[in-house]
Amino acid sequence: MLDEMLKCAGKIALGGHIRPDGDCVGSCLGLYRYIKDNYKEKEADLYLEDIPEPFKFLEGAEDILHEIPEDKTYDLFICLDCGSEDRLGFSAPLFKKAVHTACIDHHVSNGSFAEENYVVPDASSTSELIYNLAEKEKISKSAAEALYLGIVHDTGVFQYSCTGPSTFMAAAELLGKGIDAPKIVRDTFYVKTYAQNQILGRALMESIMFLGGACIVSYIRKSTMEFYGVTPKELDGIVSHLKNTKGVKTAVFMYETEPEVYKISLRSDDTVDVSAIAARFGGGGHKKAAGLTMSGSFYNIINRLSAQIESQLKGSL
Ligand code: 5GP
Ligand code: MN
């Protein structure tokens, strides 16, 4: 499906979700390199918001466009790792104007909003889906680096339950392209700046257990982020640390984006479907990892979320 689609289009745009994470960047740059390496005659552009610093070593990262040109129309717009049109952010107008559209994604909340949709909620990552759709011999080392990075990030280094046999097979094939896998894992997943570690420490120290220890929550105010000089992109991973608390079934991490507005990350084990909770308040994601934005005071928000978590926990008893 992928190569047929690419062959039919002269001008191709790629776009991923707002606040791009590892899988979003990995799948977008993986496919971008795939097109550049194999379809040199095509015009291909990649639209993403500014990406986290550790991912900037990937080949093609310097080509990423952060604004849309006026009067430009593409034959094909491919959305990657993006569950809805509004999550495309600034590139959405290009999607609307494109002659044809496609979406490759693994969010259970994806409503198949493009013309062609390849949505596999059970897949570990969009990067694994790109690997599956691509013709293997056409994947270059630089495309492999990006796809491997994406898989590593959405599986928590092959740890989460979304990691299946097919994930390891894809990873093995990508390793065969000569990539430096340990370096990708270390430099992009584990290494944090001193300030990031300090703010992680703050979040853990100030965390609160609730619902009898089945849940944990922590939040970071904007003023705290400013104090440590840390941007929202650099708070990735805190929610996983919270989730690793013994006995915890659902972890909630929130950071303030504006006064009384919080971006929230939810993580759970099998008992609670956090994508349903996120969707109820206008967000989305996966059963065990979802996100949303909510307005209100910290206590008001946690009360509303807690009621939803509690009713699911009761239902599972
Ligand atoms: P994170 O907590 O790491 O930001 O996101 C977890 C998952 O939920 C990711 O797959 C992400 O794409 C999705 N997600 C996060 N925030 C939102 C949101 O505001 N809306 C929707 N629809 N999905 C989100
Ligand atoms: Mn993903």
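Since every read-out is calculated from the coordinates, none of them should be taken as a lab result. Quick caveat: nothing in here was measured; it's all calculated off a predicted structure. Every residue, glycine among them, receives a Cβ derived from its backbone with ideal geometry; neighbour counts consider all protein chains shown.
Things to note:
- D63-N244 pseudo-label distance in nm [points 7 Å out on the Cα-to-Cβ vector]: 3.7 nm
- Folded to 0 to 90 degrees: helix 22-38 orientation relative to the chain principal axis, Cα: 0 degrees
- Cα gyration tensor category, rounded, prolate or oblate, for segment 157-253 with a/c compared to 1.5: oblate
- Charge-dipole axis of segment 170-317 as Lys and Arg at +1 and Asp and Glu at -1 on Cβ define it, positive-most pick from A203, I238, V274: V274
- When the Cα positions of N110, I130, M294 are compared along the charge dipole of the chain, M294 comes out farthest toward the positive end, with charges on each C-beta of Lys, Arg, Asp and Glu.
- Cβ-defined net charge surrounding R304, 15 Å radius [Lys, Arg +1; Asp, Glu -1]: -1
- Packing around the peptides 260-266, 200-206, taken as the average count of other Cβ atoms within 10 Å per residue, puts them in this order, highest first: 260-266, 200-206.
- Each peptide in 207-217, 248-258, 66-76 gets a packing score, the mean of other Cβ atoms within 10 Å over its residues, and the list from highest to lowest is 248-258, 207-217, 66-76.
- Nearest-20 debye value, the chain charge dipole, Cβ charges on Lys, Arg, Asp, Glu: 980 debye
- Computed on the Cα atoms alone, the convex hull of the chain gives a volume of 131 cubic angstrom per residue.
- Shape category assigned to segment 1-147 from the gyration tensor of Cα positions, a/c cut at 1.5: rounded
- Charge context of G10, other residues only, Cβ under 11 angstrom, K/R +1, D/E -1: 0
- Paramagnetic label zone (point 7 Å from Cα along Cα-to-C-beta, E137; backbone N under 13 Å) in segment 25-46: none
- Under the criterion of Cα pairs below 8 Å and six or more residues apart, the relative contact order for segment 2-190 equals 23 percent.
- Efficiency of FRET from Cβ geometry, F90 and E258, R₀ 25 Å, rounded to 0.05: 0.85
- Computed on the chain, with alpha-carbon pairs under 8 angstrom and 6+ residues apart, the relative contact order is 13 percent.
- Count Lys and Arg as plus one, Asp and Glu as minus one, and take only other residues whose Cβ is under 15 Å from that of I139; the net charge is then -2.
- Residues N300 and R202, FRET efficiency given R0 of 30 Å [Cβ-Cβ distance, rounded to 0.05]: 0.85
- Extension gain, D269 to V120, is 51.6 nm, computed as 0.36 nm per intervening residue step minus the present C-alpha separation.
- Label-zone membership for segment 11-37, site D187, 7 angstrom Cα→C-beta point, backbone N under 16 Å: 26
- In degrees, nearest ten, helix 298-315 long axis to first principal axis of the chain (Cα): 90 degrees
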